[in-house]
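J.: Supplied in structure tokens, the structure appears directly below.
The values are calculated or read from the model by the stated rules, or taken from the named source; none is laboratory data. Treat the numbers as computed from the prediction; the structure is a model and nothing was measured. We place every Cβ from the backbone using ideal geometry, glycine too, and count neighbours over all the protein chains shown. The accessibility values were calculated without ligands, DNA or RNA, using every heavy atom of the protein model including side chains. Shrake-Rupley method; radii C 1.70, N 1.55, O 1.52, S 1.80 Å.
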Amino acid sequence: MAKKFKIAVLPGDGIGPEVMNQGLRALDAIAEKYGHEFETTEALFGGIAIDKTGQPLPKETIEICKQSDAILGGAVGGPKWDNVEQNIRPEAGLLGLRKTFGLYANLRPVKLYPGLIDNSTLKREVIEGMDIMIVRELTGGIYFGQPKGVMESGTKGVNTMVYTVDEIERVAKTAFGIAMMRKKRVCSVDKSNVLEVSKLWRNTVERLAKQFPEVGLSHLYVDNAAMQLVRNPKQFDVILTGNMFGDILSDEASMLSGSLGMLPSAGIGGKIGFFEPVHGSAPDIAGQNKANPCAMVCSVGMMLKYAFDLNEEHEAIDNAVSAVLEKGFRCADIAAEGEKVVGTKEMGKAIVEEIK
Ligand code: NAD
């Protein structure tokens, strides 16, 4: 059935607008193929918003987002804004957006496209068939807990890892819900052998798991999880973890699949989700038609699935990216020596043709 959705589009800085263009082309192709209507409204976000309004997340942008069914982001930041005040840096806009829209769960799929098997630093037999979803808590934990700061005349630094039962339950529910759509396994990662907050995390996850009797639950300490991810990543289906552990593990896992340019993400939890590539604004290659648009295109795919419940359309995007890689299309970041390299636009065009 044809559907209609409103999308706020925040291209941002550096390669953000370049990859966003290709993401929107893929979205157009989906609209055409399935008869949906996607109404997009562009808004200022990040460094470009600072230049034009003095704020990385202007009120007008928040309003446009509030009136949308989902938000698509490119990337923000760059050397031009490295020295502006901390609270109006482009990255502060990102934190502001997460907070404004209550995006407490960050989903990062880490999957290996068969065409890229030789791009990983790990052996083929270790990674072939790997398909992991990391669910990272995003608005709590040690990055936000109080007290924090440098104290006692600069002789003591403090950060505090805090989680409430409510915060743990809601992100755990997200992880179990996603596991139900996958292989029905959740591995919760904590440090409950040392940290009280992690004991609460583990007990709460155990209790919540009873609501999802079909899902198998296991636990790992974070140090072991870091090791298992490179030893045997195929053992994982959904990994559920807190903010800092998730930050570290998802970067580790990103290398399993070859390149930052391949990794999409979703911030969900509130009424409106935020979908963006994992990578930043890549100032070193901005404006040169070199950026790999796959992460952005796959973020559009995640939006279709997690915001609009369009599963077939999500798969159409994923299959198109996979097919294009199988056919040998490579941006510079995923090209092996001697392979022919295509630019951002050419890669986008190939994906669109494949969707059609
Ligand atoms: P980065 O992700 O921008 O780049 C790291 C390396 O990966 C660079 O060599 C870059 O060329 C390459 N790369 C990244 N995306 C690529 C793509 N799609 N195709 C090909 N190559 C790609 O990280 P960085 O250099 O640490 O940060 C640059 C700026 O981006 C900083 O201002 C940082 O704060 C910001 N940043 C923003 C976000 C976000 O918007 N969510 C995330 C991370 C970093």
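J.: If L72 satisfies all but one of (1) open to solvent by 10 Å² or more (accessible area, probe 1.4 Å); (2) farther than 20 Å from L249 by Cα, what's the number of the condition it fails?
T.: (1)
J.: Being over 17 Å from the mean Cα position of the chain (by Cα) and within 11 Å of the ligand (Cβ to nearest atom) is true for just one of A336, A332. Which residue is that?
T.: After ruling out the rest, the residue left standing is A332.
J.: Since E39 meets every condition but one in (1) surrounded by fewer than 20 Cβ atoms within 10 Å (Cβ to Cβ); (2) within 16 Å of the ligand (Cβ to nearest atom), which condition does it not meet?
T.: Unmet condition: (2).
J.: Within the range 318-329, how many residues are in contact (Cβ under 8 Å) with a residue 40 or more places away in the chain, away from the ligand (no atom under 16 Å from the Cβ) and within 22 Å of the chain's Cα centre (by Cα)?
T.: Within the range 318-329, residues that are in contact (Cβ under 8 Å) with a residue 40 or more places away in the chain, away from the ligand (no atom under 16 Å from the Cβ) and within 22 Å of the chain's Cα centre (by Cα) number 2.
J.: Taking the range 47-69, which residues are over 14 Å from L97 (Cβ atoms) and surrounded by 17 or more Cβ atoms within 10 Å (Cβ to Cβ)?
T.: Result: G47, I48, I50, D69.
J.: Which of the residues belonging to the range 81-92 are surrounded by 15 or more Cβ atoms within 10 Å (Cβ to Cβ) and more than 9 Å from the ligand (Cβ to nearest atom)?
T.: Correct list: V84, I88, A92.
J.: Now, a different point. Considering only residues of the range 1-43 that are of a type in the set (F, W, Y) and touching a strand residue (DSSP E or B) at 6+ places or on another chain (Cβ under 7 Å), which is farthest from K80 (Cα to Cα)?
T.: F5
Residue-by-condition table, conditions (1) assigned to a loop (DSSP other than H, G, I, E, B); (2) surrounded by 18 or more Cβ atoms within 10 Å (Cβ to Cβ); (3) of a type in the set (V, I, T):
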residue: K99; (1), (2), (3): no, no, no
residue: N106; (1), (2), (3): no, yes, no
residue: M133; (1), (2), (3): no, yes, no
residue: R136; (1), (2), (3): no, yes, no
residue: V150; (1), (2), (3): no, no, yes
residue: M161; (1), (2), (3): yes, yes, no
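J.: Moving on. Could you tell me whether any residue of the range 243-259 is in contact with a Cys (Cβ under 9 Å, 6 or more places away or on another chain) and crowded, with 24+ Cβ neighbours inside 10 Å?
T.: Scanning the range 243-259, I find no residue that is in contact with a Cys (Cβ under 9 Å, 6 or more places away or on another chain) and crowded, with 24+ Cβ neighbours inside 10 Å, so the answer is no.
J.: If you don't mind, there's one more thing I want to ask. Is there any pair linking a residue in the range 232-249 that is farther than 9 Å from I132 by Cβ to one that is surrounded by 24 or more Cβ atoms within 10 Å (Cβ to Cβ) and among the hydroxyl-bearing types (S, T, Y), with Cβ under 6 Å and at least six apart or on different chains, and which?
T.: L240/S188
J.: Quickly run through the range 339-349 and pick out the residues that are within 15 Å of the ligand (Cβ to nearest atom) and either more than 15 Å from L116 (Cβ to Cβ) or not assigned by TED's automatic domain parsing to the domain that holds V300 (or both).
T.: The answer is G343, T344, K345, E346, G348.
J.: Has the range 299-317 got at least one residue that is within 11 Å of the ligand (Cβ to nearest atom) and touching a strand residue (DSSP E or B) at 6+ places or on another chain (Cβ under 6 Å)?
T.: The answer is yes; a qualifying residue exists.
J.: Could you check how many residues of the range 325-347 are touching a Gly at 6+ places or on another chain (Cβ under 8 Å) and of a type outside the set (D, E, K, R)?
T.: 4
J.: Output the residues belonging to the range 270-289 that are assigned to a loop (DSSP other than H, G, I, E, B), touching a helix residue (DSSP H, G or I) at 6+ places or on another chain (Cβ under 7 Å) and either without any contact (Cβ under 8 Å) to a residue 60 or more places away in the chain or more than 9 Å from the ligand (Cβ to nearest atom) (or both).
T.: Within the range 270-289, I272, N289 meet the criteria.
J.: Could you figure out which of (1) among the aliphatic types (A, V, I, L, M); (2) at pLDDT below 95; (3) outside any helix (DSSP H, G or I); (4) within 28 Å of G177 (Cα to Cα) isn't true of L95?
T.: (3)
J.: Kindly provide the set of residues from the range 243-257 that are away from the ligand (no atom under 11 Å from the Cβ) and of a type in the set (G, A, S), ordered by number.
T.: Within the range 243-257, G246, S250, A253, S257 qualify.
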